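Working notes, structure below.
The values are calculated or read from the model by the stated rules, or taken from the named source; none is laboratory data. Note that this is a predicted model, so its numbers are computed, not measured. As a convention, Cβ positions derive from the backbone with ideal geometry for all residues, glycine included, and neighbour counts pool all protein chains shown. Please note that ligands, DNA and RNA were not included when accessible areas were found on the heavy atoms of the full protein model with its side chains. Shrake-Rupley method; radii C 1.70, N 1.55, O 1.52, S 1.80 Å.
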Amino acid sequence: MKNLLHPLPDLRHLLYLLCFCLFPISCVDEVEHDNTPEGNFESLWQIIDEHYCFFDYKQHEYGLDWNAVYNKYKVRVSNHMTTVQLFEVLTDMLAELRDGHVNLNSSMDYGRYWTWHEAYPQNFSDSLQRRYLGTDYKIAAGLKYRVLDDNIGYIRYESFLQGVGEGNLDECLSYLALCRGLIIDIRNNGGGDLTNAEKLAGRFVHEKTLVGYMQHKTGKGHNDFSSMEPRYLEPSSNIRWHKPVCVLTNRSVFSAANDFAVIMHALPMVKLVGDHTGGGSGMPMSSSLPNGWTVRFSACPMFDAQKQQTEFGIDPDVNVALTDEATAQGRDLIIETARELLIK
């Protein structure tokens, strides 16, 4: 998830590719435990205890106590339980972390925590979005784009899993060049390859720009981290955009998409419009339990340009929600607000 963020060695760039992948490769040494329900429980708890990166932050935010979590779930595990029962206990335990990057994968199910967006208004309508795009929009790889009636450019990027090339971006921005401003709609973008996010963001900076920081685990203790390392965004050597931009966000903006929002929020000509993002700022890694199940977890924390945590998302510059009344009229208030801001 590459060459736009510096200084990061190649190994870290490869690790970025793990963001929001459903089946990441193993990045943590396996822990020696018996292949029994009790052994798998101990293995999972220890892997998280030694490698998860947000314990202090989440203890501060909502009182997470990982040792208390151990005691709470240990009594629910016995070597006489079924595989289905064990999977339920382990996924319930992982849910205590409240982290969408923490998943348990087995051949029968995929344990996940989705409350980061399910417990909130969606603030996105497929039918409204299709109305604004119309039927004559253009497609360049993962981008859908068109010019709206008031000469505002509109780009819809649904997922950073969908690749985009430099030629695609050149064609898109050239087509929209005469527009007075640009809307980039990443609502419901659950992440993907951070390279795609960086590649797009690089079209909106004109000099090397500090966009955030990150740390790396240096030991098994909860507080064993490196110092904060700056992350820089380099301007693209291709076509760049010089006019105002609004990035549309909602609670389903997660992982690489959340990071894109964080990067764009650091740029002076950009405003975020919509709802709080979903978060997911921990660079994920993975390991295996004795029974072969795979656990993915946040291992390296990432911060914004002010060194603030973005794990639980960031606020927009302009908070707007869809309403039933406007939706019935065929109006997406988040898009409409962005258009008004760009016209002004």
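Results, tabulated for the structure shown:
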| item | result |
| --- | --- |
| Equivalent ellipsoid, region 27-86 (semi-axes from 5 times Cα gyration tensor eigenvalues, Å) | 23, 16, 8 |
| Hydrodynamic radius (Kirkwood) for region 110-268, which is based on Cα pairs only, to one decimal in Å | 17.0 |
| Pair-distance profile P(r), taking every C-alpha pair of region 75-182, with 5 angstrom steps and integer % | 2, 9, 14, 13, 12, 9, 9, 9, 7, 6, 4, 3, 1, 0 |
| Heavy atoms of Trp241: accessible area, 1.4 Å probe, square angstrom to 10 | 10 |
| Integer Hz, Karplus 6.51/-1.76/1.60 couplings in order for region 96-108, x for Gly and Pro | 4, 7, 6, 9, x, 8, 9, 9, 10, 10, 10, 6, 9 |
| Relative packing of peptides 86-94, 187-195 - highest average C-beta neighbours within 10 Å first | 187-195, 86-94 |
| Over 29 Å (Cα to Cα) - which of Lys138/Lys344; Lys74/Lys307; Lys144/Lys307; Lys144/Lys271; Lys217/Lys243; Lys307/Lys344 fall in this group | Lys74/Lys307; Lys144/Lys307; Lys217/Lys243; Lys307/Lys344 |
| Among 197-205, 162-170, the order from most to least packed when residues are scored by Cβ within 10 Å on average | 197-205, 162-170 |
| DSSP-defined antiparallel bridges as percent of all bridges, the chain, nearest 5 | 60 |
| Principal axis dimensions, largest first and in whole angstrom, of region 203-344 by Cα | 55, 39, 26 |
| Isotropically averaged projected area of region 141-191, using the convex hull of Cα atoms (one quarter of hull area), nm² | 3.4 |
| Option label - log10 I(q)/I(0) by the Debye sum over Cα atoms at q = 0.07, 0.08, 0.13 Å⁻¹ computed here, alternatives (i) -0.48, -0.60, -1.06; (ii) -0.31, -0.41, -0.97; (iii) -0.44, -0.53, -1.01 | (ii) |
| With every protein chain in place, the chain: carbon and sulfur % of accessible area (1.4 Å) | 48 |
| Rg to Rh, two decimals, where region 253-324 supplies the alpha carbon set and Rh follows Kirkwood | 1.13 |
| Ranked order, Arg339, Arg296 - accessible area, probe 1.4 Å, largest first | Arg339, Arg296 |
| Within-13-Å neighbourhood charge of His265 [Cβ basis; K, R +1; D, E -1] | -3 |
| Packing rank of 248-258, 138-148, 279-289, where each peptide gets the mean count of other beta carbons within 10 Å, highest leading | 248-258, 279-289, 138-148 |
| Phi to ³J(HN,Hα) by Karplus 6.51 cos²θ - 1.76 cosθ + 1.60 over region 212-217, Hz, x for Gly, Pro | x, 9, 8, 10, 10, 5 |
| Largest to smallest accessible area among Lys58, Lys72 [probe 1.4 Å] | Lys72, Lys58 |
| Share of pairwise Cα separations in region 225-265, more than 17 Å, in percent | 52 |
| Amide H within-cut-off set for Met283, under 5 Å, with H built and near neighbours excluded | Ala299, Cys300, Met302 |
| Phi-based couplings in Hz for region 193-206 (Karplus 6.51, -1.76, 1.60; Gly and Pro marked x) | 8, 4, 4, 5, 5, 5, 4, 5, 4, x, 7, 10, 10, 10 |
| More than 20 Å apart - percent of Cα-Cα pairs taken over region 191-277 | 41 |
